[in-house]
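The values are calculated or read from the model by the stated rules, or taken from the named source; none is laboratory data. What you see is a predicted model; the values in this text were computed from it and never measured. All Cβ positions, glycine included, derive from the backbone under ideal geometry; neighbour counts span all protein chains shown.
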Amino acid sequence: MKILAISDIHGKHMKIIEYLKKNPVDLIILTGDITNFGPCELAEEILNQISSFSIPVLAIPGNCDPIDLYGNIDNSNAVNIHGRSVTIRNIGICGFGGSNPTPFNTPLEFNEVEIYDEARKVMESIKDHKITLFVTHAPPIGTKTDILPSGEHVGSESIRRVIEEFQPSLNICGHIHESMGMDEIGETKVINPGMLSNGHVCLITIEDSDEENIKITPEIIKI
């Protein structure tokens with residue numbers, strides 16, 4: 001199975017359309033900031049264009065998406081997994097969008113208590129799957145995926161706490177544009193694909209030859 005993970009589109013999505021014309025994948029995951037502060041109708045248009053390839057698309061909103069974007073994801077051909085979970089080919093996938101508080105008072109921010117309570121609840125619903133994907137916009141704090149050029153870590157304490165408790169196979173995040181890369185928290189691989197507007201995505205290959213031997217290979221690529 002090939003999964004294309006995309007973050008921080010910020011309204012500039014044509015690179016992914018061109019990529020999908022030439023490269024088959026089985027699932028597309030969008031980790032938020034589909035727009036750059038709206039409008040909601042643009043998000044619906046982008047989601048429908050990406051969904052036009054008859055590939056399942058899962059999406060969450062980012063902190064730079066309007067609060068009303070929830071409804072526009074539901075109105076599109078994509079599946080909204082903010083605070084929800086789905087199962088695809090025996091892979092449990094759940095999501096939590098927005099971010100922990102920022103200095104910029106962006107539209108979709110949550111305090112750490114809200115993040116922990118809701119993210120923990122949705123992770124609980126997929127914990128018994130052999131492979132679990134935890135899709136968040138905010139990265140976990142204290143990793144290579146949440147660090148600013150100043151050296152400050154600005155990820156979510158609650159996202160990290162949920163990862164430490166449940167140890168999902170992958171945490172796919174975004175939000176911090178400068179921190180494209182991968183890290184690990186225990187058994188969990190943490191991936192920040194980088195900004196799509198800069199041409200970066202992550203291609204994740206899952207090979208399940210049998211129940212005990214499952215190989216997950218993530219690769220950040222330039223498109």
Original post:
Got at least one residue in the stretch 194-213 being of a type in the set (Ser, Thr, Tyr), surrounded by fewer than 17 Cβ atoms within 10 Å (Cβ to Cβ), without any contact (Cβ under 8 Å) to a residue 40 or more places away in the chain and part of a strand (DSSP E or B)?
Top reply: yes
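Mind telling me which of the residues 67, 34 ends up being modelled with pLDDT under 95, hydrophobic (A, V, I, L, M, F, W, C) and either exposed (fewer than 15 other Cβ atoms within 10 Å of the Cβ) or assigned to a loop (DSSP other than H, G, I, E, B) (or both)?
After ruling out the rest, the residue left standing is 67.
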**OP:** Just give me the residues in the stretch 133-160 being surrounded by fewer than 24 Cβ atoms within 10 Å (Cβ to Cβ) and either without any contact (Cβ under 8 Å) to a residue 12 or more places away in the chain or under 14 Å from residue 122 (Cβ atoms) (or both), in sequence order.
**Re:** 150, 151, 152
Subject >> Filter result for the condition that a residue is among the β-branched types (Val, Ile, Thr) and either within 23 Å of residue 103 (Cα to Cα) or part of a strand (DSSP E or B) (or both), over 163, 126, 159 >> reply: 159
**OP:** Just give me the residues in the stretch 37-60 being assigned to a loop (DSSP other than H, G, I, E, B) and either in contact with a His (Cβ under 6 Å, 6 or more places away or on another chain) or within 16 Å of residue 20 (Cα to Cα) (or both), in sequence order.
**Re:** 52, 53, 54, 55, 56, 60
